[in-house]
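**Q** I have a structure here, written as structure tokens, and I will follow up with some questions on it.
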Amino acid sequence: DSDNNGGAASFAVVKVCEEDLLPNSAYAVAKAMATADAATKKEEKDVTNEEEEEKVELASALFGKPMPQAVKQSTEAAAKKNGGVVADGDFTGRTVSFANSNQKGMVVAHRHPIVFVLLENTPTADNENEQDVEGSKCSISHKLVSIDPSAIPPGSIVDYLGNSLAVLNDGSVSRSLPKAATSAAAGVDLESGLGIGGITADGISLTVSTLDEDDDSSTTTTRPIFMPIPKISEIGLIDSPLVSGITAIDALTPIGKGQNMLVIGNADNDDATTVGRTTNKRAWMVNFLRNVIENNRNDDSKMRCFYGLTSGDGKVRSNLLDQLKEAGIQEDIVTVLSTRNHGEEGEGGTASSATISTEKAMTSAEAVAVAATTCSIAEHHALTTGGDSIVFIDDLNLHKSLWDVTTQYLVQVYGEDAVVTADLQGSGSSEMRGYFSGLIQRSARFNLKKGGGSVTLILLSTLPGDEEADGNSGEEEPTFDPSDFENMPEKIKARISMLVKAKVALTPTNLKKIQIPLPSTSDAENAKRLALQHVEDLISMSDGQIWLDDALAKAGRSPPLDPSRSITRVGVGADTVSCRADAPALRSVVGSLRFEFQQAMDVMDTATASAIVGNQKQVQRRDAFLLAMHQESNERRKLSHECIALLAASRGHLDAVLAKGGLAGTDQGKEAIDGLIEFVESNASGVVTEIESTLDLSDDGKSQLEDAIASYFSKGN
């Protein structure tokens with residue numbers, strides 16, 4: 001495919017070292033470049049200005065077949081002679097050059113013996129790069145595509161190559177030629193087009209660099225987009241909290257600097273005029289960002305925030321940028337966006353299935369690159385300054401889409417027997433786990449030898465399901481598709497058609513009411529089951545998850561965090577003394593909050609009305625903690641505010657508010673909490689300052705807070 005899409009990237013499938021072309025794809029033989037060493041280059045300098053590159057054929061062992069000894073020896077000898085190496089291992093991130101065009105690209109996934117390449121169609125002055133690569137041979141370099149993070153300051157909106165983007169009112173993107181500052185800093189001669197490693201694409205800000213075992217990435221200006229996960233020898237224990245300013249998260253699922261955390265929930269409704277009845281993941285993450293930025297604006301923490309939006313939907317892009325502007329933080333973060341504009345493509349049912357499949361491949365491939373670039377920029381900041389980087393990837397679903405695309409190609413070429421059964425069934429094979437771990441495990445708390453900085457990853461994952469369905473999310477009835485009834489009698493199909501026209505959900509309950517037999521498991525239900533299974537696979541790879549529940553949101557819970565399905569795995573077990581994610585101040589206040597809160601929730605979920613009356617004390621504690629943790633998605637809180645509200649709940653001071661009808665979500669409840677925080681800030685200002693500066697709370701400070709809280713409520717508040 002060589003779709004130009006207004007300068008957006010496109011997608012290629014390359015089969016490595018076999019002469020036959022892939023069916024219905026664009027690509028042929030690949031070879032690895034073995035560039036001459038520095039001495040050879042110097043000798044050739046006076047002879048020619050063109051770089052001569054010897055090519056070493058890749059080992060046929062990629063296909064699981066033994067490599068003849070004679071071929072192996074000649075291949076290794078050629079590589080050694082030309083200063084290169086036999087290309088093997090994972091090619092992800094390497095540069096790909098096509099022989100019959102000026103096109104260059106980057107490997108975004110490698111599943112032996114096929115590599116999946118993201119082609120870069122950045123507009124140039126002469127647009128020479130718009131040539132088609134179909135059927136052309138290509139070369140895979142041992143060099144990695146890199147960016148220059150130092151040329152991307154806070155407030156930048158860039159693509160995965162670091163080029164500046166302009167986002168139009170409809171959310172579509174417009175890209176200009178690469179910034180001179182970026183190219184110069186990356187070592188690119190703008191007149192000759194020569195860049196680091198001698199590989200450029202006319203006018204394209206495509207930088208490459210080698211990655212050796214002894215490379216110290218903290219001393220270079222460029223950094224490969226796809227980096228290996230940090231080594232054990234480079235990381236330390238997670239022992240410093242990242243305060244989100246969202247009380248429910250900080251109290252129930254705390255996040256440590258250097259941790260990765262999934263945020264799971266239903267899809268955001270970008271058309272909704274009111275968002276209070278949905279999980280609204282993105283709004284909560286923007287509030288998270290704002291709280292972190294505002295609470296650290298005046299200190300020397302060197303904290304930086306980065307947001308990678310993988311969606312190619314212009315409406316989603318526009319809504320995110322609007323939320324960042326409204327929060328007043330767009331100039332404080334680096335935003336990495338996809339350049340695809342697929343929101344209007346394929347609508348109206350006119351697009352062919354092949355077109356839709358190609359669009360899915362291109363969008364997913366660029367999404368993977370966007371996430372990797374966001375991490376690289378954040379890692380550069382952490383390693384070069386010793387600062388803390390907070391990375392939001394919104395979201396992971398397109399990573400799974402790319403994996404599905406690669407599986408489909410493998411099946412198409414080699415048949416189902418060549419693909420791991422688990423991949424066909426949608427579950428997590430070891431290969432797929434490695435693919436996702438390449439992103440999830442890029443979070444790290446670096447040790448002092450690596451500067452002591454950190455990269456914290458917040459990874460959003462969207463659940464499947466009907467957003468308009470009633471009932472508990474994750475527990476709602478399956479909804480059948482009309483196609484599930486194709487093998488049934490015509491009368492049944494006619495009745496199903498009538499229900500669809502009347503917009504009646506095809507649920508088991510509704511079908512049983514009108515005596516329509518249930519079909520076998522629907523494709524929609526199977527898809528949902530596989531998606532939920534994928535979420536479980538992600539959970540098993542992560543340090544914890546925050547589960548935002550749609551039913552809780554509709555019931556008025558804010559944030560709609562489900563404590564039974566949300567957890568942090570940092571600081572659990574033997575490492576709780578030296579490895580903790582929670583702030584010490586909160587730890588001293590909440591105590592066994594999670595256990596008590598969940599116990600009270602279980603009483604409400606399982607007990608009869610009479611049993612609830614008998615456990616009224618537990619119910620009251622639950623309501624008190626819900627009131628203390630209730631906040632809107634645009635409400636800012638400091639750590640001291642959280643301590644004050646939770647301490648008041650744990651000491652029973654909010655019981656009187658509850659008795660007067662001041663439950664969580666009511667105006668009366670909000671006024672009580674806001675008034676309490678304002679009063680304590682004025683009357684125990686020294687303790688508040690102590691909490692904000694040290695993240696800790698001394699016994700004396702805790703006593704002063706308790707006295708101030710008691711004083712506030714003694715006045716009849």
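The values are calculated or read from the model by the stated rules, or taken from the named source; none is laboratory data. Everything quoted here is computed from the prediction, not taken from an experiment. Note that each Cβ is placed from the backbone with ideal geometry, even for glycine, and that neighbours are counted across all protein chains shown. In case anyone asks, the SASA skips ligands and DNA or RNA and just uses the protein heavy atoms, side chains included. Shrake-Rupley method; radii C 1.70, N 1.55, O 1.52, S 1.80 Å.
**Q** Starting from the Cα-Cα distance between Ala99 and Asp700, subtract it from 0.36 nm times their residue separation and give me the gain in nm to one decimal.
**A** 209.1 nm
**Q** In addition: Ser564 versus Asn487, label points 7 Å from Cα toward the beta carbon: distance in nm?
**A** Distance between the two pseudo-spin positions: 3.5 nm.
**Q** Quick one: with all protein chains in place, what share of the accessible area of the range 655-717 is carbon or sulfur, to the nearest percent (1.4 Å probe)?
**A** Values: 1520 of 3300 Å².
Summing carbon and sulfur atoms, their accessible area is 46 percent of the total for the range 655-717.
**Q** Peptides 710-716, 378-384: what's the order by average Cβ count within 10 Å, highest mean first?
**A** Numbers: 710-716: 12.7, 378-384: 25.3.
Packing order, densest peptide first, comes out as 378-384, 710-716.
**Q** In a shell of Cβ-Cβ distance under 13 Å around Gln616, excluding Gln616 itself, what net charge do Lys and Arg (+1) and Asp and Glu (-1) give?
**A** Working: positive: Lys617, Arg621, Arg622; negative: Asp623, Asp655.
Result for the neighbourhood of Gln616: +1.
**Q** Ordering Thr507, Thr694 by how much accessible area each has at a 1.4 Å probe, largest first, what is the list? Please report the intermediate quantities before stating the final value.
**A** On the way: Thr507 15, Thr694 75 Å².
Order by accessible area, largest first: Thr694, Thr507.
**Q** With a point put 7 Å past each Cα toward its Cβ, work out how far Thr689 is from Arg636 in nm, to one decimal.
**A** Here the answer is 2.0 nm between the modelled labels.
**Q** Leaving ligands, DNA and RNA out of it, rank Thr509, Thr374, Thr278 by accessible area with a 1.4 Å probe, largest first.
**A** Numbers: Thr509 55, Thr374 0, Thr278 35 Å².
Of Thr509, Thr374, Thr278, the descending order of accessible area is Thr509, Thr278, Thr374.
**Q** Tell me, what is the 1.4 Å probe accessible area of His641, in Å² to the nearest 10?
**A** 30 Å²
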